[in-house]
Structure formats: C-alpha cells, structure tokens
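Trainee: Before anything else, here's the structure in question.
The values are calculated or read from the model by the stated rules, or taken from the named source; none is laboratory data. As the structure is a prediction and not an experimental result, all values here were calculated from the model. Heads up, the Cβs are rebuilt from the backbone with ideal geometry, glycines too, and the neighbour counts pull from every protein chain shown.
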Amino acid sequence: MGNAFRCVTLPEVAESRSWATRVLGLPDAVLYFLLGVGGAVVLALALLDLIGSAVAVSGVLLGSLLAVLGGRRASADERAESNRLATLVERRAEQVTALSHELRTPLSMIKGASDLLLEGGPGPLTSTQTTFLRTIDFQCAQVIHLCESLLVQAKIESGLFTPAVETVDMSALTRDVVVAMRPLCATRDQRITLDTPQVSPEVQADPRLMVQAVTNLLSNAGRFTSVGGRIAVRVAVIDTGIAIYVTDDGAGMTRERRRELFRPFVSRGPLGDGTGLGLVITKTIVELHGGAILVDTAAMHGTTILLTLPFEGP
C-alpha cells in the first residue's frame with residue numbers, strides 16, 4: 001500500500017497537541033502525520049512527542065479526528081458564509097435607506113402642493129378637481145408610508161435597529177393614528193370607529209414602531225374596504241397585555257390567500273393591488289416586542305386582524 005499512503009502535516013503544533021491530549025489522551029504528543037488508504041484517512045501509525053521521539057499509537061481509529069477536523073473546516077466555512085450574508089444584509093439596508101430618502105423627498109413636495117391646492121389658496125376648485133387632488137394626496141401618503149415601512153424593516157433585518165423602549169399608552173397612540181388616517185379614508189368615503197377601555201392600557205414599547213404597526217393595519221384595512229365601507233378599531237386589555245382589533249367589511253380572504261398574507265409582495269386585494277409589505281413589517285415589529293398577530297377572515301365576510309403586545313415589552 002506504499003503508494004496509497006499520503007502524509008498530512010499540521011503546522012499548528014499547539015493545536016495538534018491539544019487534539020492529541022483531548023482525543024488520544026497523550027498530553028506530551030504532537031500529531032505529526034496521518035496515513036490514508038484510497039484517499040481516506042483511516043488511522044495514525046505514529047506521533048512525535050515534543051523532543052521528536054516516536055509515540056506508538058498504532059491502530060487508533062481516526063473517526064473522532066476526522067470529525068474534529070471536519071468540524072473545524074465546517075465552522076470556518078459557516079463563519080465565512082455568515083460574514084458574507086451579514087455584509088449583504090447591511091448593504092441592502094444601506095440601499096433601502098438611500099432609496100427611501102430619494103423617493104420621499106419628491107413625494108413630500110407633491111403631497112405638499114396637492115394639500116395647498118385642496119386648501120383653496122390658489123383658487124377655487126371644481127368637484128372633479130377636488131376628487132383628483134384627493135386621489136393624488138392619498139396615493140402620495142401611501143407611498144411615503146411605504147418608504148418609511150421599508151426603512152424600518154431593513155434596519156430591523158440588518159440588526160442596525162435597537163427599539164427605544166418606553167411606557168406607551170396604546171389607547172392614546174391608537175387614537176392619534178386613527179385621527180391621522182381619517183382624512184385619507186375620507187377620500188373613499190370610509191368611516192373609522194374607535195373603541196378604547198376606560199383604563200389606559202400601558203405597555204413597554206417603542207412608540208415610533210407602534211405607530212408604524214397600527215398605521216399599517218389601518219392602511220391595509222382601508223385599502224381593501226369598499227368605497228363607503230367601515231373600519232372598526234378596538235383596544236382591549238387582556239390577561240398578558242393589550243390587544244388591538246382592526247376589522248374591515250371588505251371582501252375577506254379565502255384560505256389560500258390567508259396562507260400568503262404575511263409573505264412580502266403578495267397582496268390580498270381582489271385586483272392584486274398593493275405590495276403586501278405592510279403586514280409583513282407589522283408582524284416583524286410586533287414579534288420584536290414579544291407580541292403576536294392573528295387573523296380571522298372569511299371570503300365575503302370581511303377581515304379582523306388582532307395585534308397583541310405583552311405588558312413588559314421586549
């Protein structure tokens with residue numbers, strides 16, 4: 001088998017000695033070479049101690065050695081892959097941040113101009129002009145909100161975002177979001193109702209993220225509620241924390257659509273409009289706070305989305 005033998009040397013003496021101590025039980029031995037047959041290492045025939053004398057270990061099977069060496073190679077490969085993925089995620093977050101800022105600036109200017117026209121400062125508007133401007137205003141607000149959502153999602157995924165946790169009154173926060181959303185829903189003649197408990201439910205959370213999550217829920221409900229429809233929002237105290245229910249009287253969802261609800265770029269709208277990102281981002285935010293998001297829906301019977309948050313927060 002002379003030609004079948006191959007020699008493998010390990011330059012890291014300290015490392016090989018550590019292996020000999022741990023696996024072979026030879027504290028003064030340094031692994032010097034391995035013998036292989038047919039390209040597969042099978043056993044060690046000799047070791048050298050620290051002064052170069054041979055240490056006989058004939059017949060010691062090297063399955064454990066292969067596992068150790070293979071594990072080290074796998075760990076190095078995993079670290080390299082992990083570093084590569086971390087770099088990609090960070091780069092993606094930077095790209096999303098830049099894109100978000102580039103989009104929001106012109107959209108904010110368009111929305112500002114439409115708001116001025118709607119206020120009537122430049123002159124009176126016809127009913128048709130008012131309708132068109134409200135559509136512009138609504139769609140600009142939707143895209144600006146989407147940019148903000150994407151920015152938050154990218155930061156969370158990249159690990160660059162740390163929640164600024166504080167005590168948050170979820171009734172007051174939800175009320176503020178409802179007030180902010182009413183003008184947008186009014187462009188489609190939709191009505192939003194709000195029911196809150198008498199005792200203010202407080203949780204430990206990042207208020208900016210909570211505004212984002214609740215806004216996403218209302219925006220999603222408004223998008224898929226029919227013109228002239230109703231959106232009901234309820235805040236309740238439960239045993240473990242608080243719950244926010246958002247119910248729309250839209251077309252609801254089939255079981256198949258329900259399974260795809262939290263997949264990005266899959267819309268539940270009947271015409272396939274929307275990106276589906278709002279609920280994905282909301283789920284990320286809620287789970288970051290130790291909460292959960294549940295859905296109750298049926299085709300032609302509307303949808304209720306339930307958001308729960310623990311009192312103690314993340």
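Trainee: Checking Ile192 against (1) at pLDDT below 85; (2) within 24 Å of Ser127 (Cβ to Cβ); (3) in contact with a helix residue (DSSP H, G or I) (Cβ under 9 Å, 6 or more places away or on another chain): exactly one of these is not met. Which one?
Mentor: (1)
Trainee: Could you please give the count of residues in the stretch 148-182 that are free of Cβ contacts under 8 Å to residues at least 12 places away in the same chain and not hydroxyl-bearing (Ser, Thr, Tyr)?
Mentor: 3
Trainee: Only residues that are touching a Pro at 6+ places or on another chain (Cβ under 9 Å) and part of a loop (DSSP other than H, G, I, E, B): list them for the stretch 139-171, please.
Mentor: Matches in the stretch 139-171: Pro163, Ala164, Val165.
Trainee: Another question, then. Can you go through Pro183, Pro201, Pro197 and tell me which one is crowded, with 18+ Cβ neighbours inside 10 Å, over 17 Å from the mean Cα position of the chain (by Cα) and in the same structural domain as Ile293 (by TED's automatic domain parsing)?
Mentor: After applying the criteria, what remains is Pro201.
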